[in-house]
Structures are given as structure tokens and as C-alpha cells.
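The numbers here are math on the coordinates, done by the rules we state, and not lab data. If you're wondering where the values come from, they're calculated on a predicted model, not measured in any experiment. Cβ atoms come from the backbone with ideal geometry, glycine included; neighbour counts cover every protein chain shown.
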Amino acid sequence: MQSLEVFNTLSRKKELFEPLNAPFVGLYVCGPTVYNDVHLGNCRTFISFDLIYRYLVHSGYKVRYVRNITDAGHLEGDRDEGDDKFSKKAKLEQLEPMEIVQKYTLGFHEVLREFNTLPPSIEPTATGHICEQIEMVKKILANGYAYEVNGTVYFDVEKYNKQYDYGQLTNRQLEDLISNTRELGGQDEKRGRLDFALWINAKPEHIMRWPSPWGWGFPGWHIECSAMSSKYLGDVFDIHGGGMDLQATHHTNEIAQSQACNHSAPVKYWMHTNMLTVNGVRMSKTAGNGFLPHELFTGNHDLLEQGYSPMTVRFFMMQAHYRSTLDFSNEALKAAEKGLKRLLGSISLAEKLQPSEKSTVNIKELIDKCYQAMNDDFNSPIVISNLFEASRIANSAFIGKEQLTTSDIVDLKLLFKHFAFDILGLKQEILSENNKVLDDVIAVLIEMRHEAKMKKDFAASDRIREELKKINIILKDTKEGTIWTYEEEI
Ligand code: AMP
Ligand code: ZN
């Protein structure tokens, strides 16, 4: 098992949380709102948490990973009124709301599979946990932190803040938050500007509705995550994650709900991923700058110069730290494509290395550096720079510029397996399909060169070698026959 340092370097108010000291880790990540296709920005968050999940598992923790599906309660506006997004989309597509949910949930799973993310241990839905949400609202009401108006139950933020610190997650004072929020209008049922709905009275035309002690209605968005996380991970659990945009409202309200219900802070460590941007603007459904993953894979979008494989996109994302913003650009993706090709190429090459008596390298040090990077807040870009160094070593050893002993080769292969595949979650298959065709074509050329040599037609054999060199493919004659590699890797 790796050290627990990983949890001591997270960028948050450490003093609020105790150190984690059990081999079991409860991880809850806010999942997608399934009334629409997920865009690449959403995927960044889920891929980042896949890295975190993979590393925890690799480190020997038994992780219960819960990622919910939001399939109810997301309103169009920010004022706890209007249609929910599912009913609206259902009317637009002339489907049942649950058909919308099914359609986009399946799409979400398919996309995440393409990105080689591991499935969560439990994937609960908001509509499947209405009873738990109602129970929680009842408790919050009984504890005096909520009030009901015409079948809608609101959380009383100002009352809560008298006892607890409502703005703790973002280090903000209640007065500042209030002054930055719209004044209540005459139509508002809420008592305070920051109050938010726990349960919402359903208008007659509202399709998704459930019976409750307050009449027919549906849950507010924030209560689902509080109810489902406590059901599956307990009232206090280890890590809660999501995109940074969820910190100020959704997660702030989750803390308030759980404190008001159970009198304890629900989460030891909050982790937030930063945003994927396009020309500096956050990628979002509403901004209209959200690529769909399949547009990216096919290149079928005005902003795309070509298609990029899912593994190229995953590698592109891993090259940035999860807490840094990441700007989409064709140049960056092309560079990622090239880097990934180089890395996967040398991983294949490592399989063919012959051991030497002595060693000119220190693979154990490289492995240590990778662990140090992951233990320092999951620093995937540093891991990648060490993988590139390992890749250079494999390529140099292949042409005899470095020497590796048998145990160095074992370590090198393990380094690639653990960090490139198990932890960064890359896959060899995608590129190897392309490589297979390339491999077959070059095998034909190697054979033709061999025949030319046999006939002493050195002009022809040299020409094959030179022409391949022009496109960065190097032929190398070894005892086992001729093999090829990319020049740029050496
Ligand atoms: P949603 O389906 O809108 O609830 O979003 C699902 C997840 O994607 C949430 O954790 C969001 O914080 C995250 N997210 C949304 N936009 C972006 C973005 N541009 N970059 C990274 N994560 C995002
Ligand atoms: Zn949530």
C-alpha cells in the first residue's frame, strides 16, 4: 500500500477534516444530468475522477465509488420555479421523461467506456431514491432548518448560518453571498435570498411527480446527493468530488443539508476538478461550445481540424493537473496524439529489449518519482514526464545507447504497466489497430529489401531504407531479423 501522504496534500481547508486512516475509502462523485448528451467538459471531470479512483485502488484501498445519475429535479431557472429539464426535453422530443433518462444514460455509459473509465461500484439515480430524500427533508424540517410554503420546502440558510458556517467550502461570508444574490421579488415564497428548495410542489402540468407529506412534488437538485451519499457511504465519508462549478452552490448546499440533518460535516475531503475551456471560455451546454465526444472522434465539427481517438483525448487530459484549467486546441491535441504514439511505441519496444550485463540507467528512481507525483495530489503531468523519460530509455536501449539488466527490464515493463495502463488508464489497442496495418505494410517492404539484398541490388535495398527514413521510420538489422521504429523516439 502506498503512503497516506496523498490525502495530506489536497488543496483545501485541511483543518476542517481529520486525516484519513482506514484502508476503506468512500468516494462520491456528482454524476451527469441525463437530459442531454455529455460534452467533453463533463468528460474531463469524470476522467479525472477515474484517475483518482484508479490510483486509490492501485494503492491498496478498498474503494466504494458512488457516482449518481441526476434524472429529476434540475430546474430550468435558478429560482426554484419553472419546468424541470427532463420534462422540458421530454416534451421537445415527444418522449416519456424516463425515455429521455434512459437514452442519455446509455449514451453517457458508452462515451465513458470509450474513454476507458472504470464503472463506479454503485450508480444510484435520484428517481430511485425519492423516499430517502423525503426522509431527509422531514428530518431537516424537524430540526428547524427548513420551512414549508404551499407544498414547497425551503432550506433556511440564515438560520443555519447562525450555528454553522454556510460559506465554509469557498471561504465566503454570508453577508457577501447575500449581497451578490438577487433581491426577492413579490412572487417569491422564500424568506431569505439564499434559501433553496429541498422539495418542490408540482404544478398540475408537471409530469415527474411523487407523493410526499407536503403534497405531490419532486425533489430539489441538491438533496439527492446528500441522501444517496449517506445511504451508501454513511453520514460521514472520505471524498466527495465534482467539477469546480459545483463548489459554490451544489456542494455548499449539500454540506448544509447534511449538517442540518445529522449534525455532522458529511465529507472529509472535497475535491474539485477544474474546467475544460475553449478559447478561455468554459465548455458548457448553454454556451454552445461543447463538443460531443463522437464529434471529436470523427472530426465532424467546425472547430476541429481532424478526428482524435479517445485515448488521444484521455492522454491530452492527463497532461494537465486536474486542478488546472485545460484549454482545448487542435495543436494541443495533435501534440498529445504524437506523444501518445511515441509512448505506446516504446512500450511495445520494451517487450523486445535484450538484457545487458551492466546497467546505465536507474529505473527504480523513475518509479519512485512517479509514486511521489501521484502522492502529491495526483500529479499526472509529472507522471507523464517520467513516462517519457522511460520511453527515451527504452528507445535508446533498443539501439544500444543505454544498457539495461534483466531486472531493469522487468522494472521498466512494470513502470509502463502500472503508470501508463493501470493508473493513467491508457490502452494499447486503439493505436495498435492502426499500427497493425502499418506493421503489415512495413513487413512487406522489409521483405522486399531483404530480397533485393539477396540479389545484391543494393541500390534498391538502400532506397527502401532511405525512403522509409524520410517518413521517420527507421529499419534496424538485428540477430533476429529486421525491425522498425520511429526515428523521433530515438
Ligand atoms: P452536469 O451534467 O451539467 O451536472 O455536469 C456533470 C459534471 O461535469 C459536473 O461535475 C460538472 O461540474 C462537470 N463539468 C461541467 N462543465 C465542465 C467543464 N467545462 N469542464 C470540466 N467539468 C465540467
Ligand atoms: Zn451532486
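With the crude spin-label approximation of a point 7 Å out along Cα→Cβ, what separation in nm comes out for LEU184 versus LYS401?
7.1 nm
At q = 0.11, 0.12 Å⁻¹, what log₁₀ I(q)/I(0) does the range 277-423 have when each alpha carbon counts as one equal point scatterer in the Debye sum?
-0.50, -0.58
Which residues in the range 253-286 place their backbone N less than 19 Å from a point set 7 Å from the Cα of GLU305 along the Cα-to-Cβ direction?
Output list for this probe position: 277-280.
Considering only Cα-Cα distances, which of the following residue pairs are longer than 31 Å: LYS352/LYS455; LYS427/LYS469; LYS427/LYS455; LYS85/LYS341; LYS89/LYS427; LYS88/LYS162? Let's see the in-between values first.
On the way: LYS352/LYS455 29 Å; LYS427/LYS469 28 Å; LYS427/LYS455 42 Å; LYS85/LYS341 41 Å; LYS89/LYS427 36 Å; LYS88/LYS162 38 Å.
With Cα atoms farther than 31 Å apart: LYS427/LYS455; LYS85/LYS341; LYS89/LYS427; LYS88/LYS162.
Stretched out fully, how many nm does the piece from ASN171 to THR298 gain, at 0.36 nm a residue minus the Cα gap?
Values: separation 127, 0.36 × 127 = 45.72 nm, distance 4.29 nm.
Gain in length upon complete extension: 41.4 nm.
Could you compute how fast the range 102-173 diffuses translationally, taking Rh as the Kirkwood radius over C-alpha pairs and applying Stokes-Einstein at 20 °C with viscosity 1.002 mPa s? Give it in µm² per second. Working shown, then result.
Details: Rh = 15.9 Å.
In µm²/s, the coefficient rounds to 135.
Restricting everything to alpha-carbon atoms, can you work out Rg to Rh for the range 361-410 with a Kirkwood hydrodynamic radius?
Values: Rg = 11.8 Å, Rh = 11.4 Å.
Rg/Rh: 1.04.
To make sure I understand, if each residue's beta carbon is the centre and we count other beta carbons within 10 Å, what order do ILE134, ILE483 fall in, fewest to most? Write out the running numbers ahead of the final one.
On the way: ILE134 22, ILE483 15.
By the 10 Å Cβ count, ascending: ILE483, ILE134.
If the label point is 7 Å along Cα→Cβ of VAL410, which residues in the range 365-380 have backbone nitrogen under 18 Å from it?
365-368
With n ≥ 4 as the cut-off for DSSP H runs, can you work out [θ] at 222 nm for the chain, using -39500 (n - 2.57) per run divided by the number of residues, rounded to the nearest 500? Intermediate results must be reported in sequence, preceding the final value.
Values: 16 runs with 213 residues, N = 490.
The helix contribution divided over the chain gives -14000 deg cm²/dmol.
Could you give the spread of the C-alpha atoms of the range 140-208 along their three principal axes, from largest to smallest, in whole angstroms?
40, 28, 20
Estimate the FRET efficiency between LYS358 and ARG193 by the formula 1/(1 + (r/R0)^6), using the beta-carbon distance for r and 51 Å for R0, to the nearest 0.05. Can you show the working numbers first?
Details: r = 72 Å, r/R0 = 1.42.
So the FRET efficiency works out to roughly 0.10.
Report the percentage of all Cα-Cα pairs in the chain whose separation exceeds 32 Å, rounded to a whole percent.
Working: 59833 of 119805 pairs.
Value for the chain: 50 percent of Cα pairs lie more than 32 Å apart.
Grab the Cα-Cα distance for GLU466 and TYR147, subtract it from 0.36 nm times how many residues apart they are, and report the gain in nm with one decimal.
Details: separation 319, 0.36 × 319 = 114.84 nm, distance 8.01 nm.
That works out to 106.8 nm of additional length.
How large are Rg and Dmax for the range 433-486 when only the alpha carbon atoms are used, in Å?
Just the Cα atoms of the range 433-486 yield Rg and Dmax of 11.0, 35 Å.
For the range 4-273, just run the numbers: alpha carbon Rg, then divide by 2.2 N^0.38 Å, N being how many residues it has. Don't jump to the answer; show the numbers that get you there.
Details: Rg = 18.3 Å, N = 270, 2.2 N^0.38 = 18.5 Å.
Normalised Cα radius of gyration, the range 4-273: 0.99.
Please work out how much length the chain gains when fully extended from HIS263 to ILE122, using 0.36 nm per residue of separation minus the C-alpha to C-alpha distance, in nm with one decimal. Walk me through the numbers on the way to the answer.
Working: separation 141, 0.36 × 141 = 50.76 nm, distance 2.56 nm.
Additional length available on full extension: 48.2 nm.
Let me see the P(r) profile for the range 68-223: every Cα-Cα distance counted, bins of 5 Å, each bin given as a percent of all pairs.
Percent of Cα pairs in each bin: 2, 8, 15, 18, 17, 15, 12, 8, 4, 1, 0.
Normalising by the residue count of the chain, find the relative contact order in percent from Cα pairs under 8 Å and 6+ residues apart. Let's see the in-between values first.
Working: 735 pairs, mean separation 75.9, N = 490.
Relative contact order, the chain: 15 percent.
Share of antiparallel DSSP beta bridges in the chain, in percent to the nearest 5? Walk me through the intermediate numbers first.
Working: 20 of 41 bridges.
Antiparallel bridges make up about 50 percent of those DSSP assigns within the chain.
Hey, fewest Cβ within 10 Å first, where do SER407, SER461 land in order?
Working: SER407 12, SER461 19.
In order of increasing Cβ crowding within 10 Å: SER407, SER461.
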